Amino acid sequence: MPLHAARSFMPMSALLLLSMVAPFAIGGGNDASGERIVAAFFDPSWSAERAIAAVAAADGAVIREGALRTILTAHGSADIKPSLYRQGAWLVIDVPFTGCGARRAPASS
């Protein structure tokens with residue numbers, strides 16, 4: 001590929017990267033009660049049960065499953081991110097707001 005053709009893709013690539021990263025950079029990841037809401041990415045070879053068990057072992061609760069069985073949205077205390085990494089998560093990112101697909105289960109009374 002000629003150099004001038006590669007350069008024409010650079011602005012588009014930068015815009016694509018920015019559009020994927022910006023929503024996570026602007027949010028704090030904490031909900032109104034002070035709990036942290038995160039998306040956790042586990043090894044794709046794991047079963048859904050193993051990934052859910054890893055979230056539970058990190059004292060978190062699964063809010064929603066992602067497109068793959070090992071991508072989970074979860075909530076927990078402020079230290080859930082390092083706990084999830086210790087349980088084997090490959091990547092843990094803050095979910096900037098609960099409107100981003102994260103749905104809480106109704107609280108039991």
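The packing ranking of peptides 69-76, 85-92, highest mean first, is 69-76, 85-92, where packing means the average number of other beta carbon atoms within 10 angstrom of each residue.
Approximating the spin labels as points 7 Å out from Cα along Cα→Cβ, the Arg86-to-Ala53 distance works out to 1.9 nm. Potential lengthening of the chain between Ser45 and Ala67 amounts to 6.5 nm, from the contour at 0.36 nm per residue minus the alpha-carbon distance. Take the Cα of Asp79, step 7 Å toward its Cβ, do the same at Ile93, and the gap between the two points is 2.6 nm.
Taken together, the values in this text are just the output of simple stated rules run on the coordinates, not laboratory data. Keep in mind that this is a model prediction, so the values were computed, not measured. Virtual Cβ from ideal backbone geometry, glycine too; neighbours counted across all protein chains shown.
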